[in-house]
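Enquirer: To start, I am sharing the structure in question, which I have written as structure tokens.
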Amino acid sequence: MSDFLVDHGVVIALLCAGLAVLYGALTTRSLLALSPGNDRMVEISKAVQEGASAYLRRQYTTIGIVGALLFIVLIPLQSIEVAVGFALGGMLSAAAGFIGMNVSVRANCRVAEAARGGIPPALNAAFRGGAITGMLVVGLALLGVAGYYGVLTAIFDTTQKEAVDALIGLGFGGSLISVFARLGGGIFTKGADVGADLVGKVEAGIPEDDPRNPAVIADNVGDNVGDCAGMAADLYETYVVTAVAVMLLGVLTFGDSNLTQVALYPLVLGAVAIVASIIGTFAVKSAAGKVEQALYQGLVASGVLAAIAFYPITTWMMDGLATRTADVTIVAPGTGDLYLCSLIGLAVTALLFLITDYYTSTRFGPVKKTAEASETGHATNIISGLSQGMQATALPAIVLALGIYGAYELAGIYGIGVAVMAQLGLCGLIVALDAFGPITDNAGGIAEMAEMPEDVRNVTDPLDAVGNTTKAVTKGYAIGSAVLAALVLFAAFKIELNAELVDNGKEPVEFLLDKPEVLIGLLIGGMMVYLFAALSMEAVGRAGGAVVEEVRRQFKEKPGIMDGTEKPDYATCVDIVTKTAQREMILPSLIPIVFTLIIGVLSVEALGGLLIGVIVVGLFMAVSMTAGGGAWDNAKKLIEEGAFGGKGTLAHEASITGDTVGDPYKDTSGPAINPMIKVANIVAILIIPLIA
């Protein structure tokens, strides 16, 4: 069995990846067979579809121009194989986001229609819509890595090391799409959301998703391009980057006789986790209508099945690793140690979920404190949300530190890589839970705009509330996995850099804190995160301001909108945020590329410090922004459910302000830091030939 898995690891990975894509295709067919509802529901859903598709086409056109330039640069800097991998990674990432988003915007009206029959059928439709995106993400990611590796080694007869080096380009392609998608989608969705809330809720006093609001369609479009396509691109990139980084670490660390084993082990781990995730999707059901429990029982089932499957895979594939014969002798970890590392990865996932849920769910103290603080005004709401976001960084940092320590003690830096790969094994279901959010949000919006019966809103509202929580907890997972993946990338960068330096007759480098260059790099890396977040926040402010002016103009020039005698112009608001997002996403996206390149050319030691600074500061900034934004959002929802005076009170007005501030925190800047961290580390690896 050991020889079979090693000899056929690529085939096994491709088969399981194909199974995920097949699951997505069959589920899409069954979902689209459901009734989309009446003509008004179809009309609204179609408007959202058209807006989302138009936005993504323009976004990918912009990215394509940047990508073409980088493709040309990569050929002399690295090789044609790396450049082709870069193009392939970008196209697969774009495909995962585009297909998944298109399914989501067609699922929304079907969920609203299914809600006529109660929570169980609506839950089933919404989760299936999200699961399609999730399985496409992991399926296409594994298909790209395993397929390109197989082509390079089997057809072009490259060595494992050369093939894995080429795969770095594949990861960079996914990273480029991810940082643009996260930024552009986040600017779009929150620009529309902020504009819609400030004029609609605060000034006009109309409900959320009211069809009289000219920004309501743009808001619904944004939910999909930000939370669906954006998260898909983010976790696709994290999956690819982690798999490639673990393969690279294995090839760099262990002896020549083990190269095939260590290169294919992370791919087979990902393959069996896909099967576990597909089985887990069938556990998501609830006759009693307990939505959150139903979603999490599917995740738990997948985690348990993956934990069971990892043991025989590890035993069969990794038995008898030899130590590398180099200047530094590295003791090969045993199969039991590697298996424990995989369990650490699953445990970190579970703990990050629980911690993020605690800080962002309406059931627990942090959100209740923020809601209660709203009773004394806008300022106290803001102060509470900021403090909750800062507090929310402590426990994830401790969990990640313990996970890193445990995996490193068991199997060195390669053990950390195995833990992250196991963590990302559940990526398919995680993305499904995230995509569940915009689908249910849009379903509620369609029910409101189509004036469906109140009992339908009584179904879509609790689904939307749970979807809001799942979006928050999946962001915590995405941040944690991004930091661990970046740590593995940094280790690979250091090993490969020193090997290149030695080959060129130079001394290897150590990134010691008593070196001024390293400290300078640390400061610049931390500054990059703050500058990146500031520019993206500012972009949302400008987009939101433009939407506010447009909505005010329409209310003033078309007074009949409020009494229903005139129709609002939805398309103009969509066009405003589309153009703003395309323009504003470029400058922040270049920060991790340009700064890393310049510092790398000037000083290798400073580059190492920069990468460490980006990872550490990025973790705390991303967690505090996403958790704080989630607390503000759910504090508003808690008040709207009747707590602390309910709607129309000072507490409600203050909570709307907090939610508006939190929108770019949790849905633009915070999540976009994830790919930004990894882009900096990948660029550092790619420029090693230039700086060594």
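The values are calculated or read from the model by the stated rules, or taken from the named source; none is laboratory data. Everything numeric here is computed off the predicted structure, so don't read it as measured data. Here the Cβ positions follow ideal geometry from the backbone for every residue, glycine too, while neighbour counts run over all protein chains shown. What goes into the accessible areas is simple: the full protein's heavy atoms, side chains included, and nothing from ligands, DNA or RNA. Shrake-Rupley method; radii C 1.70, N 1.55, O 1.52, S 1.80 Å.
Enquirer: As an exercise: evaluate E409 against (1) more than 30 Å from L264 (Cα to Cα); (2) without any contact (Cβ under 8 Å) to a residue 12 or more places away in the chain and give the number of the one condition it does not meet.
Expert: With (1) more than 30 Å from L264 (Cα to Cα); (2) without any contact (Cβ under 8 Å) to a residue 12 or more places away in the chain applied to E409, the lone miss is (1).
Enquirer: Let me ask something else about it. Scan region 108-126 residue by residue and report those that are open to solvent by 10 Å² or more (accessible area, probe 1.4 Å) and part of a helix (DSSP H, G or I).
Expert: Hits for region 108-126 are R110, E113, A114, R116, G117, I119, P120, P121, N124.
Enquirer: Next question. Between T153, T158, T133, T189, which is β-branched (V, I, T), open to solvent by 10 Å² or more (accessible area, probe 1.4 Å) and assigned to a helix (DSSP H, G or I)? Show your work before the answer.
Expert: Numbers: T158 fails: assigned to a helix (DSSP H, G or I); T133 fails: open to solvent by 10 Å² or more (accessible area, probe 1.4 Å); T189 fails: open to solvent by 10 Å² or more (accessible area, probe 1.4 Å).
Selected residue: T153, the only one of T153, T158, T133, T189 that is β-branched (V, I, T), open to solvent by 10 Å² or more (accessible area, probe 1.4 Å) and assigned to a helix (DSSP H, G or I).
Enquirer: Evaluate region 486-500: report whether one residue or more is in a helix (DSSP H, G or I), open to solvent by 30 Å² or more (accessible area, probe 1.4 Å) and basic (K, R).
Expert: Within region 486-500 (the criterion being in a helix (DSSP H, G or I), open to solvent by 30 Å² or more (accessible area, probe 1.4 Å) and basic (K, R)), the answer is yes, since at least one residue qualifies.
Enquirer: Still on this structure, please answer the following. Residue pairs, Cβ under 9 Å, 6 or more apart or interchain, first in region 107-118 and within 9 Å of V456 (Cα to Cα), second of a type in the set (K, R) and open to solvent by 20 Å² or more (accessible area, probe 1.4 Å). List them.
Expert: A115/R457
Enquirer: Exactly one condition in (1) open to solvent by less than 20 Å² (accessible area, probe 1.4 Å); (2) part of a helix (DSSP H, G or I); (3) modelled with pLDDT of 85 or more; (4) out of contact with any Cys (no Cβ under 6 Å at 6 or more places or on another chain) is not met by V509; state its number.
Expert: Here V509 clears every test but (2).
Enquirer: Could you list all residues from region 298-315 that are open to solvent by 40 Å² or more (accessible area, probe 1.4 Å) and under 13 Å from F353 (Cα atoms)?
Expert: The one that is open to solvent by 40 Å² or more (accessible area, probe 1.4 Å) and under 13 Å from F353 (Cα atoms): V300.
Enquirer: L410 - would you say it is at pLDDT below 95, surrounded by 19 or more Cβ atoms within 10 Å (Cβ to Cβ) and in contact with an Asp or Glu (Cβ under 9 Å, 6 or more places away or on another chain)? Talk me through it step by step, then tell me what you get.
Expert: Working: at pLDDT below 95: yes; surrounded by 19 or more Cβ atoms within 10 Å (Cβ to Cβ): yes; in contact with an Asp or Glu (Cβ under 9 Å, 6 or more places away or on another chain): yes.
So L410 fits the description; yes.
Enquirer: Oh, and also: Evaluate region 391-399: report whether one residue or more is open to solvent by 40 Å² or more (accessible area, probe 1.4 Å), within 19 Å of the chain's Cα centre (by Cα) and either closer than 13 Å to G480 by Cα or without any contact (Cβ under 8 Å) to a residue 60 or more places away in the chain (or both).
Expert: Filtering region 391-399 for residues open to solvent by 40 Å² or more (accessible area, probe 1.4 Å) gives 391, 394-395, 398.
Now drop any that are not within 19 Å of the chain's Cα centre (by Cα), which leaves none.
No, that holds for no residue.
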